[in-house]
1. Can you compute the helix-only [θ] at 222 nm over the chain? Use -39500 (n - 2.57) per DSSP H run of at least 4 residues, normalise by all residues, nearest 500 deg cm²/dmol.
2. Can you tally the net charge around Gly129? Count Lys and Arg as +1, Asp and Glu as -1, for every other residue whose Cβ sits under 11 Å from the Cβ of Gly129.
3. May I ask you to sort Phe11, Phe204 by Cβ crowding, counting other Cβ atoms within 10 Å and putting the fewest first?
4. Looking only at Leu223, Leu245, Leu44, which one moves most when the chain is put into a Gaussian network model with springs between Cα atoms under 10 Å?
5. Please go through the residue pairs Lys86/Lys140; Lys3/Lys231; Lys85/Lys108; Lys60/Lys138; Lys85/Lys138 and name each one whose alpha carbons sit more than 18 Å apart in this structure.
6. How do the peptides 32-39, 86-93 rank, highest first, by the average count of neighbouring beta carbon atoms within 10 Å per residue?
7. Relative contact order, percent, of the stretch 77-188 when contacts are C-alpha pairs under 8 Å separated by at least 6 residues?
8. How high is the relative contact order of the chain, given as a whole-number percent (alpha carbon pairs under 8 Å, six or more residues apart)?
Amino acid sequence: MAKFVEMFQNFIFDMDGVIYLQDSPIPGAREVINYLKSAGKSILFLTNNSYYTPEYYVEKLSYMGIQASPDRILTSAAATAMYLKKHHRLKGKTAFVIGGPGLEREIKSIGLELLTTDSGRNAHFVIVGWDTNFNYEKMKVATLAINGGAIFIGTNYDKTFPSGEGLWPGGGAIIASIEAATDRRAKIIGKPEKFMIEAALALFDGKPPKTVLIGDRLDSDILAGKRAGIKTILVLTGVTSREMLEKSDIKPDYTLKGIWELF
Ligand SMILES: [Mg+2]
């Protein structure tokens, strides 16, 4: 670990596939995080999932023996709120949100009024993430609003969501259905878009040369890190195998079998 500890001050960790696999912690995750903390390093946890609140992840990590405060967790929902605040005038504006409690809370927190399906077709913004209660009515209202001029934002473009049963449709599949209906493309915020990483860097004042991103997906984590100009470490405990790495054009700066090899 000495090498990485000396090289970097700020560590951005993707969570699923790096710290845990669904509900099982990955060996060494707790020890590595605690070591980095004791060495005075800054740590931020990242997820493309916009459904849950940061508190949900605080609890999940705590169950695995990792202590984190909500402001050290960046979801694509929070990054979406940061993006809207930075790039749009929000005063007096309304939003039709398709997503979970995490996304609704973040959008409310920046002062946008949330509209229901009754009035959503008049919204200024349509903001879409993973929603397990998605249905035709929501797709219809989103479509009418976007066709009426609403700005169309997607939290992340992950088309699938890994579950115990296999792959479920992800937020990206819901966004794609509305793109099909409107013939418009959503502005996407989450990885591999670099805004997600820029938001992370802004949150803990992470300067690129001193900051490293640790992730398990080449076309998401590693690509986002590269676009944002920071160093990247791929771990092979998630979706990427060594064979996939060899075939890919996207190359991380370093590759480890798992987070335990940071030691
Ligand atoms: Mg991951």
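1. Details: 10 runs with 92 residues, N = 263.
Helix-only estimate at 222 nm: -10000 deg cm²/dmol.
2. Values: positive: none; negative: Glu104, Glu106, Asp131, Asp158.
Once positives and negatives cancel, what remains is -4.
3. Numbers: Phe11 24, Phe204 17.
Lowest count first: Phe204, Phe11.
4. Residue with maximal mean-square fluctuation among Leu223, Leu245, Leu44: Leu245.
5. Result: Lys86/Lys140; Lys60/Lys138; Lys85/Lys138 exceed 18 Å.
6. Values: 32-39: 16.2, 86-93: 12.1.
Packing proxy ranking, top to bottom: 32-39, 86-93.
7. Numbers: 198 pairs, mean separation 25.1, N = 112.
Reported relative contact order: 22 percent.
8. Values: 524 pairs, mean separation 52.9, N = 263.
Averaging sequence separation for qualifying contacts and normalising by length gives 20 percent for the chain.
Here, each number is a calculation from the coordinates, and none is a lab measurement. Remember, predicted model here, so these are calculated numbers, not experimental data. Cβ coordinates were reconstructed from backbone atoms using ideal geometry, including for glycine residues, and neighbour counts include every protein chain displayed.
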